[in-house]
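Okay, so here's the structure we're looking at.
The values are calculated or read from the model by the stated rules, or taken from the named source; none is laboratory data. Bear in mind that the values here come from a model prediction, so they are computed numbers and not experimental data. Counting neighbours? That spans all protein chains shown, and the Cβs are built from the backbone with ideal geometry, glycine included.
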């Protein structure tokens, strides 16, 4: 009897297991269809199976979908991903740990907010003891909230009749309403520019020079004249051999010339200064195809085969340090170039670094001896995905987080794979700094800090400036998410702008672009070379998702919190702490001559110790963070760089070494890359900081960049246990073409004074 009972139990167990697997298989099929690219009825022999087979957790918050044909789809809600993997585990008798989310760290803020993915076994009470926190200025905090800065993105399934109807409704309403919004902005820009236009015309009628009061008036005039002479000389030289002979003594021989056609083409501008450019295609871990531009000297580097520049596997950091890639293998050990990656700002492409001839930051670094790579974020001028089409709303369901945790690692990984280095120098401007600061946060993707030798942030965008309160930005902030999508759609943000880019003459488009951006952001061209201004706006705007603009300007995220990684409540707490610190410091200074000063100092030391431990707990960044360097614009109304500097100077980031910080008084948001003296005030310092922070082993493998020969081993950065924060530097000479500026201005990549008079004389002789 006992044997029969065991057999019956075994059979019952097997039947239950079979039934369980059958139910799991049915549920899995439904879930796979829900997360698929196409519904089964829409698939054919050409498409193959596009059903979801697995959710791959890139981070604890980012599960991307892997389809049956090996494709990738953008991240889905965590619960949906876990359900798919759990059902797959039941069917395949797979260990659940194999498909479990990657380990992630949740960061608790002083106001009780939980940033990042909450551990699976955590409850709200575990994040804080019934709302309590050890923040020094609050004994009671509100209940914990999870990710108020990065709310869930909308989820769109495979195309269906209802889905297509929804998509076309949004495309119809947004086409009309967003065009009206853009029209209001354009009319506002034209209206507000009328007084300036009238003033300039009046000055011309009265025989006055309207440009006489520009900060770099004389230098602008000389550069413009030298450029015109060089253009005429190029046109006269009839064939390439003559041109080569004319420039044979130069290290960087121009490969393009004549009157500027102002195309939207980085290679064209690189060739005008004796460099060249090749385009690599990079696949992100969620399937987007983005462009990586490589700037090189054609005299010492052979353009790689087009097949070698196609997208690689979407997985990152697989072979980045194991072999020299195409780029790195062309240089001998000891003569290699240290890799540098540049990331652009909001609504721009990486071409923004290439518009100022030799004074472009990208060209300056390339001629200094760095291996320069320009990274473009998803969509850009050519929205591409390995599966999704432009009309699919899933292609546009992303914001700044995805740009940081997906695009940035993909670009870094490809550069390291191509060059054979273990780290690179990272330079970013505006939104590029935002995506980097977000990605490096300890609850996001801090491991990419291991691949960065230094992060150089130009006009760092972490805190909002006063411009966020402008009327048209307030309008975007007060409307609901549903209304935002009705006005701006669920695809690209105002795509009509890119249509006009392809239709309008370049000079008219550049002039209009400047007027619109100047109206929106209160920028001026005072410090730019006006003769090149139309170029600067050929690389903006680009395709970005409406969701990303909603993150910046909508009612839920940045515009509300006015910070990328902290809530308004936490900022208030920090302000109170700073005020208390200042008050305590003043009292300490007043009592420094008292008899009990020694005892008081000991008590203060204990307070500081406790204070530092609390701040480490609430820090944004952990021990894997690379050194930071900041260049802050002193007259920047778009972002508040000074507040970010104060965060580091007050010790709120004990794991981050701030190796360089500078406030350039008078500089506006774009002056750090476009001002005529930006190479003097920013570029040369960036060049030096990158070399000082490179690993000793990497420096031995590389040629020493120009201008860095005087840097000794003792001057180079070495990571230590304690935080290092360099004293803030102030530069109050913005807008003054000083003697130092004349000595340091870039001239064809050389060091020393650029003799424009000599250039003009030589050009006249060639003509």
All-but-one check, residue 366 against (1) outside any loop (DSSP other than H, G, I, E, B); (2) surrounded by fewer than 23 Cβ atoms within 10 Å (Cβ to Cβ); (3) touching a strand residue (DSSP E or B) at 6+ places or on another chain (Cβ under 6 Å), failing number (2)
### Query
at pLDDT 90 or above, part of a helix (DSSP H, G or I) and surrounded by fewer than 19 Cβ atoms within 10 Å (Cβ to Cβ): does that describe residue 550?
no
Residue 56 passes all but one of the listed conditions (1) over 30 Å from residue 439 (Cβ atoms); (2) in a strand (DSSP E or B); the exception is number (1)
Checked pairs for the stretch 560-575, first at positive phi and without any contact (Cβ under 8 Å) to a residue 12 or more places away in the chain, second in a helix (DSSP H, G or I) and buried (at least 21 other Cβ atoms within 10 Å of the Cβ), C-beta under 6 Å and 6 or more apart or across chains, list as none
Among the residues of the stretch 156-171, the number that are under 11 Å from residue 490 (Cα atoms) and assigned to a helix (DSSP H, G or I) is 6
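Yes/no per residue for (1) modelled with pLDDT of 90 or more; (2) under 28 Å from the mean Cα position of the chain (by Cα); (3) closer than 28 Å to residue 517 by Cα:
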site: 680; (1), (2), (3): yes, yes, yes
site: 683; (1), (2), (3): yes, yes, yes
site: 699; (1), (2), (3): yes, yes, no
site: 720; (1), (2), (3): no, yes, no
site: 724; (1), (2), (3): no, yes, no
site: 732; (1), (2), (3): no, yes, yes
site: 736; (1), (2), (3): no, no, yes
site: 749; (1), (2), (3): no, yes, no
site: 752; (1), (2), (3): no, no, no
Exercise for review: Evaluate the stretch 65-86: report whether one residue or more is in a loop (DSSP other than H, G, I, E, B), in contact with a helix residue (DSSP H, G or I) (Cβ under 9 Å, 6 or more places away or on another chain), touching a residue at least 40 places away in the same chain (Cβ under 8 Å) and surrounded by fewer than 22 Cβ atoms within 10 Å (Cβ to Cβ).
Suggested key: no
Checked the stretch 447-482 for anything surrounded by fewer than 20 Cβ atoms within 10 Å (Cβ to Cβ) and within 14 Å of residue 626 (Cβ to Cβ); matches are 447, 450
Restricting attention to the stretch 614-645, the residues that are under 16 Å from residue 428 (Cα atoms) and part of a helix (DSSP H, G or I) number exactly 2
The residue that is nearest to the chain's Cα centre (by Cα), considering only those in the stretch 369-398 that are within 30 Å of residue 704 (Cβ to Cβ) and part of a strand (DSSP E or B), is 375
